[in-house]
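Below is a structure I'd like to ask you about.
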Amino acid sequence: MEEVPDSQPPASAHSIKDLQQSLQVPSLDHGLSKEEAAKRLKANGPNSIESHPTPKWLIFLRQFNNLIIYILIIAAILTTVIGDVTDTSVIVLVIIINAIIGYYQESNASDSLEKIKKMLAPEATVYRDGERLDIPSANLVVGDVVFLEAGDNVPADLRLVDIDNLTIQEAVLTGEANSVIKTTATLPADTPLADQSNIAFASTAVAGGSGIGIVVATGHHTEFGKISQAVSDVRKGRSPMMREIDGIGKGISYAIIAAAILLFIFGLVIGKYSLPVLALAIVTMVVGSMPEGLPATTSVILAMGVSNMAKKQHVIVKTLPAAETLGSVDVICTDKTGTLTKNEMTITTIVTPQATYDVSGAGYAPTGDFSMAGKVIDPAEHADLSALLTAGFEANDTELHQEDGRYVINGEPTDGSFLTAYYKAFKQEPANTERDLMPFDSNNRYMAKLAKCVDGQTRLFVKGSPDKILPLVATAHPDFDQDRDLKLTSQFSVQGQRVIAVAEKVVPNATTEITPELLSEGLDFLGITAIIDPPRESVITAIKQMRRAGVKVKMITGDHPETAIAI
């Protein structure tokens, strides 16, 4: 069974029933039979992105494919003929050093590209013959029914057929920090890829919830595979500098040939030199005219630039001349999310009924201060702030941890921002005991946790969209001003910030589960938070450098204009 052809409507436009029929999946609970899966695997190959790396020896030989190098090789041959060992050694050494520098940089770039191709999940959970099995993702075939849950990497392109509050992080494909809420609804055929909410794309990560999907594309046929293939198949052109060097090489060649001919004719005309002496003079003139240092000089300069980009910016440069092309850029058009910004949601402002607090620090690293009216404060001394931070920490199912020296999350970016804010204020986690958890729901647009707290009370912690939380708040609360909070929500939203409301409720100690009645009314409003995806620290310096170099920087974003201006 082959993937859905590109000429047909995309899988997102097929109803679940039609897709089952076209992919010959008799039952979602039963899945494919093991025999049928084996047939499809044999017919279509494994679910993997095949690598066709350039052989190392070819990368090395490619370093000699340069007109100047050709000229130097000819010069080395001529100096060998006339017995000039010193010049021969110098020229050969320059040629080899140039080749080694180019080989080292291009080989490292090739290895990095191969690592990118290995981003698919190693294992997948499927239904076959009515059994739920964990299999190598390479054995997935079109028509397989795959189960997803929080923490999984999507192993292939899936058309979702059943979901339970499923959200997926698609930053690896789109660069967007916010997780995408998935659906099972059939979409119009002209829906852009980024808006195909009923598709789980290979290499993306499940942030929350769970779901089931039918495999509609594997390997190179997935969207991630197509991107990988496009990167691998880029045709190499000659950069401006390489064309200039080729021009210099041709000019030098023509000049040397012309000078040699003139010298030979001159020697014959005056008749004072024997033919061997004349030949030696011509060879000496030719060798002396060769620009031995030019290839090595350009390679060293380009290698330094490539090395700096790789170490500081994690940029993969496939060939040395590609780095030079950057010097010819007049305008840079850049995306905002993940490029100018860190792609790490961060709480910057907290507004409680009693006060407004600013939070410093950017990203998931728990470093920063809390301030009120410009003065740094201790959150532990402000009960309203402590209560909100604790509630935001509790109404959460995301994990924050260190990985390779940096803080990362496993779950929703918004939830991660609350964990970071809590750890900026407190070193110890609250010693509360969870009793029940209601995950974020796209209809309710809030999540809740029921916990037995250390003070002996049982509390319900809730956070979510202000327009859903505020109507549930006890309006009799003396510090509650719904109009003010709605106005602030609108103000923050126009500035491109995500606004989350936080509330809690003391419930009877006998309560063990979260019910709709428990959430219906009577919440104690704790406040709202404004969350942004902060700019990268190096962006300002980089833009200043670009402007000094005469390069114009343009930001392209779908966000509100005020958000773009703020960034």
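The values are calculated or read from the model by the stated rules, or taken from the named source; none is laboratory data. In this text the structure is predicted, and so the values were computed from the model without any measurement. With ideal geometry, Cβ positions are generated from the backbone for all residues, glycine too; neighbour counts draw on all protein chains shown.
Please verify whether LEU389 is surrounded by 16 or more Cβ atoms within 10 Å (Cβ to Cβ), within 17 Å of GLY527 (Cα to Cα) and not assigned by TED's automatic domain parsing to the domain that holds VAL206, treating the condition exactly as stated.
So LEU389 passes the test.
Quickly run through the range 138-171 and pick out the residues that are within 11 Å of VAL206 (Cα to Cα) and of a type in the set (D, E, K, R).
Residues satisfying the conditions are GLU149, ASP152, GLU170.
Output the strands (runs of 3 or more DSSP E) that fall wholly within the range 113-210 and possess 2 or more residues being farther than 26 Å from GLY45 by Cβ and either modelled with pLDDT of 90 or more or out of contact with any Cys (no Cβ under 9 Å at 6 or more places or on another chain) (or both), or say none.
157-169
Right, here's the next one. Taking VAL331 as the residue in question, decide whether it is more than 24 Å from TYR446 (Cα to Cα), modelled with pLDDT under 90 and in contact with a strand residue (DSSP E or B) (Cβ under 7 Å, 6 or more places away or on another chain).
When the stated conditions are applied, VAL331 passes them.
Scan the range 361-376 for residues that are closer than 10 Å to ALA425 by Cβ and surrounded by fewer than 17 Cβ atoms within 10 Å (Cβ to Cβ) and report the count.
Within the range 361-376, residues that are closer than 10 Å to ALA425 by Cβ and surrounded by fewer than 17 Cβ atoms within 10 Å (Cβ to Cβ) number 1.
Yes/no matrix, rows are residues, columns are (1) under 22 Å from ILE347 (Cα atoms); (2) surrounded by 13 or more Cβ atoms within 10 Å (Cβ to Cβ); (3) more than 33 Å from the chain's Cα centre (by Cα):
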{"position": "ALA451", "(1), (2), (3)": "no, yes, yes"}
{"position": "ASP455", "(1), (2), (3)": "no, no, yes"}
{"position": "ALA474", "(1), (2), (3)": "no, yes, yes"}
{"position": "LEU488", "(1), (2), (3)": "yes, yes, no"}
{"position": "VAL494", "(1), (2), (3)": "yes, no, no"}
{"position": "LYS505", "(1), (2), (3)": "no, yes, yes"}
{"position": "GLU517", "(1), (2), (3)": "no, no, yes"}
{"position": "VAL553", "(1), (2), (3)": "no, yes, no"}
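Taking ALA185 as the residue in question, decide whether it is within 14 Å of the chain's Cα centre (by Cα) and of a type in the set (A, V, I, L, M, F, W, C).
For ALA185, the condition - within 14 Å of the chain's Cα centre (by Cα) and of a type in the set (A, V, I, L, M, F, W, C) - is not met.
A further question follows. Could you figure out which of (1) touching a Leu at 6+ places or on another chain (Cβ under 8 Å); (2) without any contact (Cβ under 8 Å) to a residue 60 or more places away in the chain; (3) closer than 15 Å to GLY527 by Cβ isn't true of VAL462?
Result: VAL462 passes all but (2).
Let me ask something else. Could you check, for the range 529-544, whether at least one of its residues is over 30 Å from ASP330 (Cα atoms), at pLDDT 85 or above and more than 28 Å from the chain's Cα centre (by Cα)?
No - not one qualifying residue is present in the range 529-544.
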